[in-house]
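S.K.: Sharing a structure below in structure tokens format, with a few things to ask.
Taken together, the values in this text are just the output of simple stated rules run on the coordinates, not laboratory data. Since this is a predicted model, take the numbers as computed values, not measurements. Note that each Cβ is placed from the backbone with ideal geometry, even for glycine, and that neighbours are counted across all protein chains shown.
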Amino acid sequence: MTIETQLPYSSSEAQGISAAAILGFVEAVETEVAHLHSLMLLRHGQVVAEGWWSPYGPEEPHMLFSLSKSFTSTAVGLAVEEGYFSVDDRVLSFFPDDAPAEVNEHLAAMQVRRLLSMSTGHVEDTMPHLVAQPEGNWVKGFLACPPEKEPGSHFLYNNGASYMLSAIVQKMTGQTVLDYLRPRLFEPLGIDEATWACCPRGINTGGWGLSLKTEDIARFGQLYLQRGVWRGQRVLPEAWIEAATSRQVSNGSSPESDWEQGYGYQFWRCRHGAYRGDGAFGQFCLVMPDQAAVLAITAGVGDMQAVLNLVWQHLLPAFEPDPLPEDRAAQAALELKLASLTLPLAEGEASSPAAARVSGRRYVFEGEAQEVEADEPKLEAVSLDFGREGCVLSLWDERGEHRIRCGSGAWFKGSSYPIRGEAQPVAASGAWTTEDTYVMKLYFYRTPYCQTVTCRFEEERVIVNRKQNVSFGPTERPELVGRID
């Protein structure tokens, strides 16, 4: 029997939340945090608001980063329910061939539940040791890091622990987490375009690497809100949802922080009785049981707490137990706002007298070493070819030539460029900010990332500066100087 997956829609007032409050939230995030990419708000299982900031769109998957962890946890719960293993099993028991020659007592005692609750006993994230492991054996790398403390004694956010959960699921089921979840979770919920990065040995990374659409995140949250039942059929064990979203370990005591309310099984506890899965730079699956609400967000923000603060400030007080009188004016204003969301285009003039002089010229960067991330190619040359509708930016690196078309006063989608090790589709716009300076905004619209590229032209050279909205390292790249080839 096929399970119905289409999400129903409703006016917000019919579900007890005013359109004006939702509009206030949207306007606040644009003003105070910026770089939200999408949102979908559900109340009583009904979609009451949804929007995507152009060039992002509902059809595009988005990198989830650590929100992936909550899906890995779900795979563990299903595998436990099906009898493949128990949360009380010792981690070493799954990988005897990868065990170190000497096993300390804390590693020997570590159970699956300690991986789930980020309480392995380590005092630092094991992930750097995993990726440095020869022959790509991340499991061996994790087991070679003996925990310094007793498992269960304290919380430490540990990406290696999430990877090990993925490795255990694959070892015991014979399938990657992605393949294992497809018939059990993704297909019942109507999620059909999930992708997940793998380690060198073909194991899904577990703690990150999953990409989904915004609606997929919302469906996942709604399934958890409904205690594992979807359209009248049980998809997840209710006992697992209870355990996964409950406080399994303390992670702080600040009443002002949503990162110090306790941690479950790869889920965070929040203030106001809520819980969430989340990922770097603002990927959220926020479940509010007391309000019967789910909020899915994708973003590229540096301050994730600021986003949650605005949820508590604008949305939380607006949830009413009963339907509200219809407010057609507020609903119309909200619909107009949500339909016209866009991220800021490059601002300036469409043309400049300098365009004809520099158009099509190839500038080769000087030979000094560039400071680049390990998975970022070193740029060798650049060229801008200007036309009536914008320009074509050509970049050369060791992988060859990459061409990105930049719209004038509009986003142009359709190009791609390597970022974080793989080609990503990009939308771009450009404008002249002065007679000799052209600025481009490049949104990699399946990721959180936006790069602002500034080219200042002089007589025989171009000076290029690049800045990124968010990053795990520096957001500004070293200045490049190119001379006419």
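S.K.: From Cα pairs below 8 angstrom and at least 6 apart in sequence, can you work out the relative contact order of region 23-94, rounded to a whole percent?
M.R.: 15
S.K.: Something else about it: Which lysines, on any chain, are close to residue 171 with Cα under 16 Å apart, when same-chain ones fewer than 8 places away are left out?
M.R.: Excluding near neighbours in sequence, the set is 140.
S.K.: Classify the chain as rounded, prolate or oblate from the Cα gyration tensor: take a ≥ b ≥ c as the square roots of its eigenvalues, call it rounded if a/c is under 1.5, otherwise prolate when a/b beats b/c and oblate if not.
M.R.: Note, shape of the chain comes out oblate.
S.K.: With respect to the cross-link table entries 69/378; 69/441; 378/467, which display a Cα-Cα separation exceeding 26 Å?
M.R.: 69/378; 69/441
S.K.: Now, a different point. Which length gain, in nm to one decimal place, applies between residue 247 and residue 340 when the Cα-Cα distance is subtracted from 0.36 nm times their residue separation?
M.R.: Using 0.36 nm per residue and subtracting the Cα-Cα distance, I get 29.5 nm.
S.K.: Suppose the chain between residue 458 and residue 81 were pulled fully straight at 0.36 nm per residue; how much longer would it get relative to their current alpha carbon spacing?
M.R.: Between residue 458 and residue 81, full extension yields 129.1 nm more.
S.K.: Would you mind ranking 304, 164, 118 by Cβ crowding within 10 Å, fewest neighbours first?
M.R.: Placing the least packed residue first, the sequence is 304, 118, 164.
S.K.: Right, next: How would 127, 63 line up from fewest to most surrounding beta-carbon atoms within 10 angstrom?
M.R.: Result, fewest neighbours first: 127, 63.
S.K.: Turning to a different aspect of this structure: Around residue 176, under 12 Å between beta carbons, what's the net of Lys plus Arg minus Asp minus Glu among the other residues?
M.R.: Spelling it out: positives minus negatives among the neighbours equals +2.
S.K.: Quick one: compute the contact order of region 68-187, relative version, from alpha carbon pairs under 8 angstrom and 6+ residues apart, as a percent.
M.R.: Once normalised by length, the contact order is 30 percent.
S.K.: Then there is this: Compute the Cα gyration tensor for region 62-175, then decide on rounded, prolate or oblate, letting a ≥ b ≥ c be the square roots of its eigenvalues: rounded whenever a/c is under 1.5, prolate when a/b is larger than b/c in the other cases, and oblate in all that remain.
M.R.: Rounded is the answer for region 62-175, as its axis ratio a/c remains below 1.5.
S.K.: With the Cα gyration tensor of region 354-484 giving a ≥ b ≥ c as the square roots of its eigenvalues, does the rule (a/c under 1.5 for rounded; else a/b larger than b/c for prolate; else oblate) give rounded, prolate or oblate?
M.R.: oblate
S.K.: Now for a separate question. Relative contact order for the chain: what percent, with Cα pairs under 8 Å and sequence separation of 6 or more?
M.R.: Once divided by the residue count of the chain, the mean separation gives 17 percent.
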